[in-house]
Amino acid sequence: MRRFDYFRPKSLKEALELKKTIAGAKFISGGTDLIVQIKNRELKPSALISLRFIPELATIEINGGARIGALVTISDILQHPELGHNYPVLTEAAKSLGSVQIRNVATIGGNLCNCSPCADMALPLLVLEAKVRLQSAKASREVPISKFFKGPGESCLASNEILTDILLNPPHNKAKATFLKKGRVKVDLAIASLALLLEMEGGICRKARIAAGSVAPIPLRLSKVETLLEGAAVSEDLVSKAQHLARETVSPITDVRATEKYRRQIVGVYVKRGLEKILGQSLA
Ligand SMILES: Cc1cc2nc3c(=O)[nH]c(=O)nc-3n(C[C@H](O)[C@H](O)[C@H](O)COP(=O)(O)OP(=O)(O)OC[C@H]3O[C@@H](n4cnc5c(N)ncnc54)[C@H](O)[C@@H]3O)c2cc1C
């Protein structure tokens, strides 16, 4: 590995100042993505600026909705009783991310900022319509998570910004959501994954939010499928149309983990399985 300097700022101001003054520096949180990329020589930063010593980035606040600091680890999410109670889909996804050792250091902010199409935490946040707060030395802005991802490894985060918080709306008492993930083995990145949120009223779907992972250049909202379901009674025929549309909407690639055909197939299966899980009935 190439040599690099390492800094441990104790405030956001200090971290942003360092980033501005050191060309080629990268922020590091848990390092579970970044160190692998440095070892593989995909990245050659001149310096690493650790965000782990900035206390306000590692807190969770329940305030009707929720504010999750970017440095909150995946294990912190699993151990927080109210977060799991209010947003069970978030903990379902967190449980599926890596191993215990990875979850103990991997952060939710790092998972989003790495911008992988397979980022497990992106999907529940997309169906919960979360926002992210981005902070530069001069200003703070809030961006809907659906507008955050731009491509593999790319987001709307500017190089002089830190993702500081994830903001969640208060949970809706009629909404139910679930997360499904297919990997080659238990501890693996997703071949394909799906989060689905439904609000039902008298057999009619009032709201549907669906997001899929590892099947497009970004973690993707399946807006056309959502529109198809909304305002309709969830019948066998509708589910079949939703499965077809989901398979048509995604644009997966073939790689070492799976073929594009298999990934499309899984997305279709997961649309049906997710609906069945939420509605508690077979839609065969
Ligand atoms: C063995 C193994 C298994 C894994 N399994 C999974 C899995 O099942 N599912 C999955 O989704 N991921 C998995 N990962 C990937 C990784 O663990 C997660 O993406 C993790 O959440 C990354 O968080 P981190 O804190 O380690 O990020 P880091 O590696 O520290 O950072 C990742 C990127 O984000 C930037 N960054 C980090 N925090 C911020 C911030 N607050 N503001 C601005 N930029 C920031 C960094 O500069 C870097 O570019 C796995 C990794 C390993 C090594």
Here region 113-120 yields Karplus 3J(HN,Hα) values (6.51, -1.76, 1.60; θ = phi - 60°; whole Hz; Gly and Pro given as x) of 5, 5, 6, 7, x, 9, 4, 5
With θ taken as phi - 60° and the coefficients 6.51, -1.76 and 1.60, list the Karplus ³J(HN,Hα) couplings across region 28-39 in order, rounded to whole Hz; mark glycine and proline as x.
10, 10, x, x, 6, 9, 5, 5, 4, 5, 5, 4
CD proxy, 222 nm, the chain: helix-only mean residue ellipticity via -39,500 (n - 2.57) per DSSP H run with n ≥ 4, per residue, nearest 500, stands at -9500 deg cm²/dmol
Enumerate the lysines that residue 277 could reach by cross-link, defined here as Cα to Cα under 23 Å, with residues fewer than 8 away along the same chain left out.
95, 174, 176, 181, 182, 186, 207, 224, 241
What do you get for the angle between helix 260-279 and the principal long axis of the chain? Use alpha-carbon atoms, 0 to 90 degrees, nearest ten.
70
When you count, for each residue, the other Cβ atoms within 10 Å and take the mean per peptide, how do 14-20, 172-178, 200-206 rank with the highest first?
14-20, 172-178, 200-206
Quick one: net charge around residue 21, please, counting Lys, Arg +1 and Asp, Glu -1 for every other residue with C-beta under 13 Å from its C-beta.
0
List the residues whose amide H sits under 5 Å from the amide H of residue 118, counting only those 5 or more places along or on another chain, with H placed 1.01 Å from N in the peptide plane.
214
Using each residue's phi in region 6-22, evaluate 6.51 cos²θ - 1.76 cosθ + 1.60 at θ = phi - 60° and report the 3J(HN,Hα) Karplus result to the nearest Hz, with x for Gly and Pro.
9, 10, 10, x, 9, 9, 4, 4, 5, 4, 5, 5, 4, 4, 5, 8, 9
Percent of Cα-Cα pairs per 10 Å bin, from 0 to the last occupied bin, for the chain, please list those.
7, 29, 34, 21, 8, 2, 0
Evaluate the charge dipole of region 5-50 about its Cα centre and quote only its size in Debye, nearest 20, assuming +1 on the Cβ of each Lys and Arg and -1 on the Cβ of each Asp and Glu.
40
Around residue 61, with a cut-off of 13 angstrom between Cβ atoms, what is the net charge of the other residues, counting Lys and Arg +1 and Asp and Glu -1?
-2
Based on the alpha-carbon set only, what is the convex hull volume of region 153-284 divided per residue, in Å³?
139
Using a Gaussian network model on the chain with a 10 Å cutoff between Cα atoms, which of 226, 161, 61 fluctuates the most?
61
Rounded if a/c under 1.5, otherwise prolate or oblate - region 5-50, Cα gyration tensor axes:
oblate
Ranking 218, 107, 34 by how far each Cα lies towards the positive end of the charge dipole of the chain (+1 on Lys and Arg Cβ, -1 on Asp and Glu Cβ), the top one is 34
For the Cα atoms of the chain, what angle does the longest principal axis make with the long axis of helix 236-249, in degrees from 0 to 90, nearest 10?
40
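FYI, it's all coordinate maths here, none of it is from the lab. Model, not experiment: these values are computed from the prediction. Methodologically, a virtual Cβ is constructed for each residue, glycine included, from the backbone with ideal geometry; neighbour enumeration extends over all protein chains shown.
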